[in-house]
Amino acid sequence: MNKHLFLFCFLILSLTGCADSNMTGGTVLQSDENQVSNMVQEPVALTEEEINWQTAYREIIDQGGGHLPDPYQLRGEDGLNSSFYLGIHDFNGDGIPELILGDGISISVYTYLNHGLEKVADLYEPEGWYMIHELYIQNNCLILVSNGSDGCGYVGFTYGDGSYLTGKYNDLSPDQSVLGGEDSGFKEFNNVFHITELREDSRKSLIKRNKERGEIIPDWAMLIW
């Protein structure tokens, strides 16, 4: 009798242990699955509008600077230089970023408007300054800087009062500037573009193009300025 009772108790304990073991294993597995699901995110679906402007901008980039101005005939046969600027920034706040594409010779700004691509500005240094040595974006302004031995030349681009605005100023003519196509002074230019407050962390770097890799495939998230 005692022998049968012992076997019965052993059987009950074995079954209970298996049940507990299965429950514990299942709990751990469920926890791991939850962790994985939290780490792996489903890709965010693009809206039709996002697909449209990205496609349009990609076509311009693929042309390799074919639409960039060359006012002083400095650009080679390859069009866009091997080192170039590429970024996107929503100047007018409409939810569609403008495309900024160029190099040390000139920079063009494009927007996507009414289901089509539109160039809104061609930017380059005035005659006598020629090259773009530095590029900044801060306070919703794009600022081109040409460094000379006796000062700098500045070209600015921004958006305000319902329209895009450009301006030019150089240190050799400290009392003169051009703002929105009209003659102005340094104070007016600086009030818009704040060239006396340029920060190093707002300076943009050139991207080195590897011609052997062929076409440029933009990662838009990495190009937000």
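The values are calculated or read from the model by the stated rules, or taken from the named source; none is laboratory data. For clarity, every value in this text was computed on a predicted model and none was experimentally measured. Glycine gets a Cβ as well: all are built from the backbone with ideal geometry, and neighbour counts include every protein chain shown. Ligands, DNA and RNA are stripped out before the accessible areas are found, and what is left, the full protein with its side chains, is counted by its heavy atoms. Shrake-Rupley method; radii C 1.70, N 1.55, O 1.52, S 1.80 Å.
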Once amide H atoms are built 1.01 Å from N in the peptide plane, which residues 5 or more positions from Ile105, or in another chain, come under 5 Å H to H?
Ile132
With a 1.4 Å probe and all protein chains kept in place, how do Thr47, Thr158 rank by accessible area, largest first?
Thr47, Thr158
Could you rank His194, His89, His67, His115 by how accessible they are, 1.4 Å probe, largest area first?
His115, His67, His194, His89
Relative contact order of the range 54-208 (C-alpha contacts under 8 Å, at least 6 apart) in percent is 16
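If the chain between Leu113 and Ser163 were fully stretched, how many nm would it gain, using 0.36 nm times the residue separation less the Cα-Cα distance?
Details: separation 50, 0.36 × 50 = 18.00 nm, distance 1.35 nm.
16.7 nm is the gain from fully extending Leu113 to Ser163.
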Projected label distance in nm at Ser83 and Asn191, using a 7 Å step from Cα toward the beta-carbon:
3.7
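Based on the Cβ-Cβ distance of Asp171 and Ser202, what FRET efficiency does E = 1/(1 + (r/R0)^6) give at R0 = 22 Å, to the nearest 0.05? Provide the component values of the computation, followed by the final result.
Values: r = 20 Å, r/R0 = 0.90.
Calculated transfer efficiency: 0.65.
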Under 5 Å between amide hydrogens, which residues at least 5 positions from Leu165 or on another chain qualify, with H placed 1.01 Å from N in the peptide plane?
Thr158, Tyr159, Gly160
If you average the alpha carbon positions of the range 47-76 and of the range 160-219, how far apart do those two centres end up, in angstrom?
19
Around Tyr159 (Cβ within 11 Å, Cβ-to-Cβ, excluding Tyr159; K/R +1, D/E -1) the net charge comes to -4
Tell me, what is the 1.4 Å probe accessible area of Met222, in Å² to the nearest 10?
150
Expressed in square angstrom to the nearest 10, the accessible area of Tyr164 with a 1.4 Å probe stands at 70
